[in-house]
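Student: This is the structure I have questions about; it appears just below.
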Amino acid sequence: MNQKITAAITAVGGYVPEDKLTNADLEKIVDTNDEWIRTRTGIEERRILKTPGLATSDMVVPAVRELLNKRGIDAKEIDCLIVATVTPDMFFPSTANLACHKLGATNAWGFDLLAACSGFLFALTTGASLIESGRYKKVIVAGADKMSSIIDYSDRNTCVLFGDGAGAVLLEPNHDGYGILDSILRTDGSGGQYLNMKAGGSLKPASIETVTNKEHFAYQEGQSVFKFAVKGMADVSAELLERNHLTGDDIAWLVPHQANKRIIDATASRMGLSADKVMLNIQRYGNTTAATIPLCLWEWRKQLNKGDKIVLAAFGGGFTWGATLVRWEY
Ligand code: UT7
């Protein structure tokens, strides 16, 4: 028996709202077309949480419930819930806090983690460290975003890209070398100018002026982000393989953040992976920010086999980026 504790993923849950926003729908709202969106991004439709009064925590809750059911455990057994999100229900209390209450996770503590599109990877390493320390036995890591709440549906540069959704994984201690094996995580705040939400924080509190100037919406200089994303995501993924003495042949799946199919293709090619080893659902959900990677795990869970080595990779606002090596446990 391997004495070192690793954090194994022992269950996965996911949730996407029912309402769809298709490229054809967007053609009626802004000056865009299906062909442009599909060829430039790979997106065909996204899911939108339309019901008034529902927020990010309301997507976290069904994703976590599914995971608890599958594992056959009660919410009271959860030690900690980490929610990666850029669209918390409110600034405070945290979405994790509200979700724990709705779930009946009365023995848990929790917090939100903000690292934009890399949020799930940052949260996964954080959650894994709690397990590896030996102090906690059941940590849930969720990635969830209601992007529709911060999108300007008159701005064709951003409104075609994003959707809503949530995914979650359960981490438990393992002594046989399964689970989160290695991570390379990076930040570079000099990229903050290219992808951000300008107002609503302490730098520029909400005012009539910030609302008029549409500064509470996501802002992105697509081309600049694209250039950094292609390089950043491919570089860390290749470095992760190299330092673990692995090649593309050893990897069963690449689980990439779903921002743009062209960025995903570049990363796969750099790792020497064929398209059939790449999880891709951007066509159906668009960019759900922190939710893209757990949603892929959720959709592909039946095709994952015990012992599979998979690489999760992301790039996003911050800039933040990273890659994580996982040995699948179940
Ligand atoms: O997940 C977080 C990290 N984010 C990313 O990784 C996103 C990275 N960026 C991208 O994926 C791409 O840059 C976009 C998909 C956002 C844009 O693709 P692009 O190939 O970089 O296009 P562009 O911004 O250079 O725009 C090309 C043209 C422009 O027209 P002109 O100036 O050439 O006449 C845009 O005005 O396409 C125009 N355009 C559109 N046309 C139709 C921009 N948005 C649209 C649109 N429909 N929705």
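A short reminder: the numbers here are calculations on the coordinates, not readings from a lab. Small disclaimer: the values here were computed from a predicted structure and weren't measured. Positions of Cβ are backbone-derived with ideal geometry, glycine not excepted, and every protein chain shown enters the neighbour counts.
Student: Based only on other Cβ atoms within 10 Å, what is the fewest-to-most ordering of Leu203, Leu49, Leu304?
Tutor: Leu203, Leu304, Leu49
Student: Suppose R0 equals 51 Å. What FRET efficiency, 1/(1 + (r/R0)^6) with r the Cβ-Cβ distance, do Ile73 and Tyr153 give to the nearest 0.05?
Tutor: Calculated value: 0.80.
Student: Among Trp253, Trp36, Trp300, determine the one that fluctuates most according to a GNM of the chain built with springs between C-alpha atoms less than 10 Å apart.
Tutor: The residue with the greatest mean-square fluctuation here is Trp36.
Student: Can you tell me what share of the DSSP beta bridges in the chain is antiparallel? A percent to the nearest 5 is fine.
Tutor: 70
Student: Expressed as a whole percent, how much of the Cα-Cα distance distribution for region 6-176 exceeds 26 Å?
Tutor: Cα-Cα pairs in region 6-176 separated by more than 26 Å: 33 percent.
Student: Excluding residues on the same chain fewer than 8 positions from Lys309, give the lysines whose Cα lies under 19 Å from its Cα.
Tutor: Counting by Cα, and skipping residues close in sequence, Lys309 has these lysines nearby: Lys4, Lys277.
Student: Can I ask one more? Relative contact order for the chain using alpha-carbon pairs under 8 Å, separation at least 6, rounded to a whole percent?
Tutor: That works out to 26 percent.
Student: As an exercise, use a Förster radius of 41 Å and the Cβ-Cβ distance of Ser224 and Leu54 to find the FRET efficiency, rounded to the nearest 0.05.
Tutor: With a Förster radius of 41 Å, E is 0.75.
Student: How long are the three semi-axes of the equivalent ellipsoid of region 83-169, in whole Å, if each is the root of 5 times an eigenvalue of the C-alpha gyration tensor, listed from largest down?
Tutor: Sorted largest first and rounded, they come to 27, 15, 9 Å.
Student: Considering just Cα atoms, how many Å³ per residue does the convex hull of the chain enclose?
Tutor: So the per-residue Cα hull volume is 130 Å³.
Student: Considering only DSSP beta bridges with both partners in region 6-176, what is the antiparallel share in %, to the nearest 5?
Tutor: Among the beta bridges of region 6-176, antiparallel pairing accounts for roughly 65 percent.
Student: Find the centroid of the Cα atoms in region 156-180 and in region 43-65, then give the distance between the two in whole Å.
Tutor: Rounded to whole Å, the Cα centres lie 14 Å apart.
Student: Along the Cα→Cβ direction, 7 angstrom out, place labels at Tyr330 and Ala206. What is the inter-label distance in nm?
Tutor: Going from the Tyr330 label point to the Ala206 one covers 4.0 nm.
Student: Let me ask something else about it. Which part of region 190-205 falls in the paramagnetic zone of Phe92, meaning amide N under 20 Å from the point 7 Å along Cα-to-beta-carbon?
Tutor: Under 20 Å, as judged by backbone N against the label point of Phe92, lie 199-205 of region 190-205.
Student: Over the chain, with a Gaussian network built from C-alpha contacts below 10 Å, which listed residue (Asn196, Asn244, Asn260) shows the highest mean-square fluctuation?
Tutor: Most flexible of the set in this elastic network: Asn244.
Student: Right, another one. Calculate for the chain the 222 nm mean residue ellipticity that helices alone would give, adding -39,500 (n - 2.57) per DSSP H run of length 4 or more and normalising by residue count, nearest 500 deg cm²/dmol.
Tutor: Using -39500 (n - 2.57) per qualifying helix, the result is -9000 deg cm²/dmol.
Student: OK, next. Just the Kirkwood number for region 181-327, please: inverse of mean 1/r across all distinct Cα pairs, in Å, one decimal.
Tutor: The answer is 16.3 Å.
Student: Mind telling me which of Asp58, Asp79, Asp249 comes out most flexible in a GNM of the chain, alpha-carbon contacts under 10 Å?
Tutor: Asp249
Student: Restricting to Cα pairs below 8 Å that are 6+ residues apart, what does the relative contact order work out to for region 193-325? Please round to a whole percent.
Tutor: 28
Student: Within a 10 angstrom radius of the beta carbon, how do Glu209, Glu299 rank from fewest other beta carbons to most?
Tutor: Glu209, Glu299
Student: To continue, here is another question. Rounded to the nearest 20 debye, what is the charge dipole size of region 19-175 about its Cα centre when +1 sits on each Lys and Arg Cβ and -1 on each Asp and Glu Cβ?
Tutor: That gives region 19-175 a dipole magnitude of about 480 debye.
Student: Tell me the Kirkwood hydrodynamic radius of region 145-209 in angstroms, computed as one over the mean inverse distance between distinct C-alpha pairs.
Tutor: 16.3
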